[in-house]
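Structure first, commentary second.
The values are calculated or read from the model by the stated rules, or taken from the named source; none is laboratory data. Since we're looking at a predicted model, the values are computed, not measured. Positions of Cβ are backbone-derived with ideal geometry, glycine not excepted, and every protein chain shown enters the neighbour counts. Surface accessibility is based on the protein's heavy atoms, side chains included, excluding ligands, DNA and RNA. Shrake-Rupley method; radii C 1.70, N 1.55, O 1.52, S 1.80 Å.
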Amino acid sequence: MGLVRYSRWASRLKTLNSQTKPLLSFSSSSSFSSATTADNENPGRPGPPPIRVALTESFGRGVFATRKIETGELIHTAKPVLSHPSLSTIHKVCYCCLRKLKTTDSSQAQRVSFCSDECQRQAKGFHDMEMRADWSAYDDYCRSRGLKYPLLVKRLACMVMSRAAFANLLDILQPASLSPEMIVEMEEGFGLLRSAFENSNITGEQMSFLTKQWYIGVLARIRINAFRIELVGALYDDLLSSLAASIESEAAVGNAVYMLPSFYNHDCDPNAHIIWIENADARLKALRDVDEGLCNVQ
């Protein structure tokens, strides 16, 4: 049986054969990229996750169970390929992994913080480049319109300029359909992003990838593949408790894009759920038994 997550493709998935439902399904606020299995919670080296990515007849790539997955089983975990805190929590969480900070220094409200030396080291792939530019106009553009995804584009652009990522990092992901109004709004954001770099004397070959087409293409992929990160805040072994905790905590700290979860289909009746415990590392658990099998699309 395949694995399915619900939201964006829900209407299309209604055409699936009722006897074989593809992919683990999980709610629309989830995602991930590096994988382990339930063995991940036990000492020793983890084995491969009980899933595989394969082509379906009508819906592109999908994720399928390679064996029966039991209710409540940790299927795998994943690290984001791209993440960014929300503007409302940017001084309350780690600027790298989105972990909530134990203390915040009000005297340095304009500076971002990291939860560890390791996160600060990992952030060098984008933070040093970000610090060279003035982002006030770009952030105001996002804040005034309630936009969150352009922040992820900014981070990816800084990663590419720092040679921490390739410009085509997200090309494999499916893009969202865009209306003319959306494109006009994106073009404004592109102008502000490019101006921020140019005003900080970042030009030439370092910015050669940063075209309007690249910006809109990346944003179109982020729109359909990014997930809101809601931290549970503690290690919940009980699946129902973890679901309730993620709903009650109202702990959205930012957004992230993951590679593997972007291949999962969506469903209004999901058979898996993704939770975040303390940071942007995601954990996928089965909501019910998922049988081994292939996707059968009518």
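Lysines near residue 79 by alpha-carbon distance under 24 Å, same-chain residues fewer than 8 away left out - which ones? List returned: 92, 100, 102, 124, 148, 154, 285. Inter-label distance, residue 174 to residue 57: 1.7 nm, where each label sits 7 Å from its Cα along the C-beta direction. Counting only protein heavy atoms and using a 1.4 Å probe, the accessible area of residue 66 comes to about 60 Å². In whole percent, how big is the carbon plus sulfur part of the accessible area of region 179-236, probe 1.4 Å, protein atoms only? Heavy-atom surface of region 179-236 belonging to carbon and sulfur, 1.4 Å probe: 49 percent.
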